[in-house]
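Trainee: Let me begin by handing over the structure; questions about it come next.
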Amino acid sequence: MSTRGTGRTNGSLPQTKICQFKLVLLGDMAVGKSSLVLRFVKGQFDEFQETTIGAAFLAQSVCLDDTTVKFEIWDTAGQERYHSLAPMYYRGAQAAIVVFDITKPETFERAKAWVKELQRQASPNIVIALAGNKADLADKRLVEYEEAQTYAEDTGLLFMETSAKTAMNVNELFLAIAKKMPKTDTQNPTHAARHRGVNLQDPDAQSSRSCCGN
Amino acid sequence: MAADVHNKGVSWEIKNGNLAPSDRLRQDRSDSPTPGLVEGTEPGAGQEGAMFVHAQSFEDLTADSESNTDNKSAEVGDSNPENAQKAALEGGEEEVQEESLEAEQEEVGKEEVQSSNKAKEEDVTSETWRSHRKHVFVLSEAGKPIYTRYGTEEALSSIMGVMMLLMSFVEDKKNTIRSIHADGYRVVFLRKSPLILVGVFRTSCSDRELTRELHYVYYQIVSLLTLTQLNHVFQNRQSYDLRRLLAGSEHLTDSLLRLLDRDPGLLLSAVMCLPLASSARDVVSSSLQAAKAKNLVFSILLAGNRLVTLVRKKDQFLHHMDLHLLFNLVVSSSSFREGEGWTPICLPKFNPAGFFHAHISYLEPASDLCLILVSTDREDFFNLSDCKKRFLERLRRRSAYQSLQEALNMPSYPVSQVGIPELRHFVYKSKSSGLYTSPDLPAPYQEEEEHERLMGLYQHLHSCLHNPTRPLRYIYRCAETENLYALVTSGFELYLCFSPLGTKGLAVSAVNKLLKWIRKEEDRLFILSPLTY
């Protein structure tokens, strides 16, 4: 695969590395997953963001020094009926943001369950970030910052309180994830586009298939 | 070059041994002196067979609810007394079974008052709650609330309990409760195990029409879960609270119920096409046809609630009802505008047991053009995303995108184009293609309330034409605000709305003129040569 990738490099952008990562958002319904993504990708916020049906796929790049980090984001629906599909989205993901609503303790519990599931079933070196969203509603807060912070430290997660509404910490969160990503895994766009197809699918089956395709 | 590709696309799929190139066939059909008397030759009939499951309009829909009796005489009483030349449609003997249940209806009313609760959205004890024209309730067989159109389910648990009780009370006596008519209301019951659906309607529509609407709600729920999963959860636990699994889908059902009040397509079991020059549509269709993938079953391009084109896998047919559910999903969820959507969806008329996976995205963020690619493989997202890219590239290369956008920005067409005096509006359905056409709503009907009133009138005519015991071939109805004429042949169904100054003679003579006009315009108004991969 890698030889094929270098073979296609056109060499016009020698010093800009492009890294592409698959990132998945998980969390209970109505905690603000889509709002976070839309704030990050489009700079928009809608107070009455509609529920996501199934999952939505979006892409956004951030620049880090000499590297362009392209996130391919799976914004999943939080409804229980879609839970069985979640593995399809976190399988092969290099990063995950688990979101909860700081005004709803049950969504924090649900977030912990997602973290557990990710640590058990997602790829072992996945970077997990915990986002306590709706920080603008601090007067209705029911999950203490310290509580979530402690939990995140104990489990080895990135943690930030965010507000998609005010944009607080939204870009910062994605940047922090980008910084934690292994940049050695540099791919040129052609290769990356091919690689992207792998992520959703069973890695083994796909790689052998694409080899045959060549 | 465009025409070349088009011909290659269609002419090799020969059905009925017809070898004529489709373009010539079009001309022949246009010259036909008596259009539409036989199914398959009516204006708008597809040349290569239908793209939908061939259904005899809505009989197909209600077929599984046994034979449904309609209380026709009640309808006549309720509706406008000025009905002039209404064809005979009384059926007195059928009312007996239902009238005996009037007493229970009053109990329901009392229960409504008792079940007080401070509902978040709407107080269910309030007069506004009671005065809604159409209430729909869904409950489990254990009597647990699943959905209510107005108010919250919690506030209505006792009412739903009464509904459940009524049903089991009648079923205990080896009978089935279908409806209760009282005080201008119709309470319609539908048991679709493991769900029970109840509608409380203030309308003159027949029970059949109302049951059809409940069926739609039922299939909406199935489309989210599949029947298999639905049965499974209730087999495991009878008292399961299905709202857990349906969370966040209430707006889909709400929107479907609004659509039922406004879109004649759901009434006629038909789909409206975006009026588009056939050359442009052919380019769009063949571009979509070329962008195929192994597991792709249906490619559907929508413009709002109108169909631009549909390409399907050979031998696989979409049911219009499944398409309406897809329409509803798209129009009621703005979330597909933000990125590429990827969702499991069950098309219950195709197969209630399994999920398809749909790639749903708008061609451009601000555009009304929405592409739905339906695949059998849940891992197919990137393949389908690639199909979309290829489709867009092709469209742009053949500069069809621009003409498509232009067609989209234009209003459909004004009824004045037809050139029939006093004609305000019509709905024409070609039975063999399952497509219908209708002009823009004119001035008096543009307001929401008037729009729904007109649809209500069409619905009433529809239930007269399709009365199971006394079907009619045509009906003319005079009223204060409009005159209506509806007729059905083996090839088409037509509903016309005239100003009150129109006469019956005018209406009858308008039909031929209108059919000729539709024949002349059918290239633009219908999809005459549906494609397959």
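The values are calculated or read from the model by the stated rules, or taken from the named source; none is laboratory data. Everything numeric in this text was worked out from a predicted model, so none of it was measured. With ideal geometry, Cβ positions are generated from the backbone for all residues, glycine too; neighbour counts draw on all protein chains shown. Just the protein is used for accessible areas: all its heavy atoms, side chains included, with ligands, DNA and RNA removed. Shrake-Rupley method; radii C 1.70, N 1.55, O 1.52, S 1.80 Å.
Trainee: Given a Förster distance of 22 Å, report the FRET efficiency between B:Y413 and B:E39 from their Cβ-Cβ distance, rounded to the nearest 0.05.
Mentor: Details: r = 25 Å, r/R0 = 1.15.
Efficiency at R0 = 22 Å is approximately 0.30.
Trainee: Okay, moving on. Counting each pair of different Cα atoms once, what's the Kirkwood radius of region B:119-262 in Å, rounded to one decimal? Before the final figure, lay out the partial values.
Mentor: On the way: mean 1/r = 0.0646 Å⁻¹.
Taking the inverse mean of 1/r over all distinct Cα pairs, region B:119-262 comes out at 15.5 Å.
Trainee: Taking 41 Å as R0, compute the FRET efficiency from the Cβ-Cβ separation of B:E447 and B:H232 and round it to 0.05. Walk me through the intermediate numbers first.
Mentor: Numbers: r = 45 Å, r/R0 = 1.11.
For B:E447 and B:H232, the calculated efficiency is 0.35.
Trainee: If each of B:D172 and A:E80 carries a label point 7 Å out from its Cα toward its Cβ, how far apart are those two points in nm?
Mentor: Label at B:D172, label at A:E80, 3.1 nm between them.
Trainee: Let me ask something else. Starting from the Cα of B:D386, move 7 Å in the Cα-to-Cβ direction to define the label point; list residues of region B:290-310 whose amide nitrogen is under 20 Å from there.
Mentor: Flagged as within label range: B:290-300.
Trainee: Shifting gears a bit: Percent relative contact order of region B:345-458, based on C-alpha pairs within less than 8 angstrom and at least six residues apart? Don't skip to the end; give the middle numbers.
Mentor: Numbers: 92 pairs, mean separation 14.7, N = 114.
Across region B:345-458, relative contact order equals 13 percent.
Trainee: Continuing with this model, one more query. Using only alpha carbons, build the gyration tensor for region A:24-137 and give me the equivalent ellipsoid semi-axes, biggest first, whole Å. Please list the in-between numbers first.
Mentor: Details: eigenvalues 81, 69, 38 Å².
In descending order the semi-axes read 20, 19, 14 Å.
Trainee: Can you list the residues in region B:244-260 whose accessible area drops by at least 40 Å² when all protein chains are present, compared with the chain alone? Use a 1.4 Å probe, heavy atoms only.
Mentor: Buried by 40 Å² or more upon assembly, which counts only protein chains, are B:R244, B:L245, B:A247, B:G248.
Trainee: Mind listing the phi-derived Karplus ³J(HN,Hα) values for region A:16-28, rounded to whole Hz, using 6.51, -1.76 and 1.60 with θ = phi - 60°, and x for any glycine or proline?
Mentor: 8, 7, 10, 10, 10, 10, 9, 10, 10, 9, 10, x, 4
Trainee: For the pairs A:K22/A:K70; A:K33/A:K180; B:K313/B:K429; A:K22/B:K294, note any where the Cα-Cα span goes beyond 18 Å.
Mentor: A:K33/A:K180; B:K313/B:K429; A:K22/B:K294
Trainee: Tabulate in residue order the Karplus-calculated ³J(HN,Hα) for region A:157-172, using 6.51 cos²θ - 1.76 cosθ + 1.60 with θ = phi - 60°, rounded to whole Hz; enter x for Gly and Pro.
Mentor: In residue order, the calculated couplings are 10, 6, 9, 8, 8, 10, 9, 5, 5, 9, 6, 4, 6, 6, 4, 4 Hz.
Trainee: Shifting gears a bit: With charges set only on the Cβ (+1 for Lys and Arg, -1 for Asp and Glu), what does the dipole of region B:271-409 come to about its Cα centre, in debye to the nearest 20? Numbers along the way, then the final one.
Mentor: Working: 17 positive and 13 negative charges, 83 e Å.
In total the dipole reaches around 400 debye.
Trainee: Quick check for me: using +1 on Lys/Arg Cβ and -1 on Asp/Glu Cβ, what's the dipole size of region B:372-524 about its Cα centre, in debye to the nearest 20?
Mentor: On the way: 21 positive and 19 negative charges, 162 e Å.
Dipole magnitude for region B:372-524 comes out near 780 debye.
Trainee: For the residue pair A:K42 and A:N125, what label-to-label distance in nm results when each label sits 7 Å from Cα along the Cα-to-beta-carbon direction?
Mentor: Result for the modelled spin labels: 3.5 nm.
Trainee: Give the long-range amide H neighbours of B:I146: residues separated by 5 or more places, or on another chain, with amide H under 5 Å away, using H modelled in the peptide plane at 1.01 Å from N.
Mentor: Placed amide hydrogens put B:V138, B:L139, B:S140 under 5 Å from B:I146.
Trainee: May I pose another question? Sort region B:415-525 into rounded, prolate or oblate with this rule: let a ≥ b ≥ c be the square roots of the eigenvalues of the Cα gyration tensor; rounded if a/c is under 1.5, and if a/c is not under 1.5, prolate when a/b is larger than b/c, oblate otherwise.
Mentor: rounded
Trainee: While we're here: Which value, in debye to the nearest 20, gives the size of the charge dipole of region A:17-180 about its Cα centre, when Lys and Arg are +1 and Asp and Glu are -1 at the Cβ? Don't skip to the answer; put the middle values down first.
Mentor: On the way: 19 positive and 22 negative charges, 117 e Å.
Dipole magnitude for region A:17-180 comes out near 560 debye.
Trainee: Let me ask you something else. Show the residues, 5+ positions off or on another chain, whose built amide H is closer than 5 Å to the amide H of A:A59.
Mentor: Result for A:A59 returns A:I73.
Trainee: For region A:84-174, what does the equivalent ellipsoid look like in terms of its semi-axes, each the square root of 5 times an eigenvalue of the Cα gyration tensor, given largest first in whole Å?
Mentor: Numbers: eigenvalues 100, 38, 29 Å².
Calculated on Cα positions only, the semi-axes equal 22, 14, 12 Å.
Trainee: Let me ask something else. In region B:415-525, if the dipole is taken from +1 on Lys/Arg beta carbons and -1 on Asp/Glu beta carbons about the Cα centre, which of B:V418, B:T481, B:Q446 is farthest to the positive end?
Mentor: The residue sitting farthest along the positive end of the dipole is B:V418.
Trainee: Here's another thing I want to ask about it. Over region B:119-262, with the other protein chains present, what is the accessible area per residue in square angstrom, probe 1.4 angstrom?
Mentor: Details: 5170 Å² over 144 residues.
Ligands and nucleic acids excluded, the figure is 36 Å² per residue.
Trainee: Something else: Amide H neighbours of B:H466 under 5 Å, at least 5 residues apart or on other chains, H built in the peptide plane: list them.
Mentor: Excluding prolines and chain starts, which carry no amide H, the hits are B:L472.
Trainee: What nm value, rounded to one decimal, do you get for the distance between A:Q60 and B:A353 when each label is placed 7 Å out toward the C-beta?
Mentor: 4.4 nm
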